[in-house]
Amino acid sequence: MAEPRFFNRWGIEGIEVTDAGLKSFITISPKIVPKTDARYAKNRFHKSKISIVERLINRLQVPGHRGKKHKLTSGHATGKMYNTYKSVENAFEIIEQKTGKNPVYVFVKAIENSAPREEIVTIEYGGARYPKAVECSPQRRVDLVLRNLVIGAYNKSFSSRKSLAETLAEEILSAYNQNQAAFAVAKKVELEKQADASR
């Protein structure tokens, strides 16, 4: 029996996670329809068992907000699974047309390129607050990348003629090329600079 392919089109031949820290937290098991209906919701670290493409679709349905500007997502993220499913499929089509490569491979490399290694926490000591650099856990690294890719795509699609699929494809391609035009890459660089400064 033939192995299933993402959206019944793209397989996982030759796709490998090279970042040792993220290897256990990026699942690329192919599914024709990437939807598990919260099968792992009650298990610890359940997210790491879900296909990375499905996690992107789930994040698109609940994109969050940037700088407390809920107006950018309220009313637009309606939770319609089919809409987000088609947006991701169309974004992958655009990536394939522009690069000639498997879009799942491009997406996995984009995640590796824009996953922050460090971030800032605030500690309070004697009534004063200080920033402190801490290492990012692997699961949080993946969570932050997905959130930043989605926020970047949403921000670019508002007040624009570009569709969500087009802006999502742009974000993924920019992250793949390590271009700071991608919100996720810019955020990673910013976080790591702040962490360096607070050592």
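The values are calculated or read from the model by the stated rules, or taken from the named source; none is laboratory data. Keep in mind it's a predicted model, so treat the numbers as computed, not measured. Glycine also receives a Cβ, built like all others from the backbone with ideal geometry; neighbour counts cover every protein chain displayed.
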*Determine whether the range 36-47 contains at least one residue that is aromatic (F, W, Y), closer than 20 Å to N113 by Cα and either modelled with pLDDT under 85 or in a loop (DSSP other than H, G, I, E, B) (or both).*
no
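Of the residues N8, N58, N43, which is closer than 22 Å to I94 by Cα and either under 19 Å from the mean Cα position of the chain (by Cα) or loosely packed, with under 11 Cβ neighbours inside 10 Å (or both)? Before you say what the answer is, go through the steps one by one.
Working: N8 fails: either under 19 Å from the mean Cα position of the chain (by Cα) or loosely packed, with under 11 Cβ neighbours inside 10 Å (or both); N43 fails: closer than 22 Å to I94 by Cα.
So the residue among N8, N58, N43 that is closer than 22 Å to I94 by Cα and either under 19 Å from the mean Cα position of the chain (by Cα) or loosely packed, with under 11 Cβ neighbours inside 10 Å (or both) is N58.
From the list E171, E118, E135, E96, pick out the single residue that is out of contact with any helix residue (DSSP H, G or I) (no Cβ under 7 Å at 6 or more places or on another chain) and on the phi < 0 side of the Ramachandran plot. First the steps, then the outcome.
Working: E171 fails: out of contact with any helix residue (DSSP H, G or I) (no Cβ under 7 Å at 6 or more places or on another chain); E118 fails: out of contact with any helix residue (DSSP H, G or I) (no Cβ under 7 Å at 6 or more places or on another chain); E96 fails: out of contact with any helix residue (DSSP H, G or I) (no Cβ under 7 Å at 6 or more places or on another chain).
Residue meeting the stated conditions: E135.
Please find, within the range 28-37, the residue that is farthest from N8 (Cα to Cα) out of those that are in contact (Cβ under 8 Å) with a residue 24 or more places away in the chain and surrounded by fewer than 16 Cβ atoms within 10 Å (Cβ to Cβ). Lay out the reasoning, then the answer.
Filtering the range 28-37 down to residues in contact (Cβ under 8 Å) with a residue 24 or more places away in the chain leaves 28, 30-35.
Filter again for surrounded by fewer than 16 Cβ atoms within 10 Å (Cβ to Cβ), leaving 32-33, 35.
Details: I32: 5, V33: 8, K35: 14 Å.
Of everything passing the filter in the range 28-37, K35 is farthest from N8 (Cα to Cα).
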*Starting from the range 103-128, keep only residues that are more than 10 Å from Y176 (Cβ to Cβ) and in contact (Cβ under 8 Å) with a residue 12 or more places away in the chain, then list their pairs with residues that are of a type in the set (A, V, I, L, M) and surrounded by fewer than 14 Cβ atoms within 10 Å (Cβ to Cβ) whose Cβ atoms are within a distance under 7 Å, requiring at least 6 positions of separation or different chains.*
E118/V134; E119/V134; V121/V134
*How about the range 89-143: which of its residues are more than 19 Å from the chain's Cα centre (by Cα) and surrounded by 20 or more Cβ atoms within 10 Å (Cβ to Cβ)?*
none
*What number of residues within the range 2-24 satisfy the criterion of being at positive phi, out of contact with any Phe, Trp or Tyr (no Cβ under 9 Å at 6 or more places or on another chain) and hydrophobic (A, V, I, L, M, F, W, C)?*
0
_Among (1) in a helix (DSSP H, G or I); (2) crowded, with 16+ Cβ neighbours inside 10 Å; (3) among the charged types (D, E, K, R); (4) modelled with pLDDT under 75, the one test that K71 misses_ = (2)
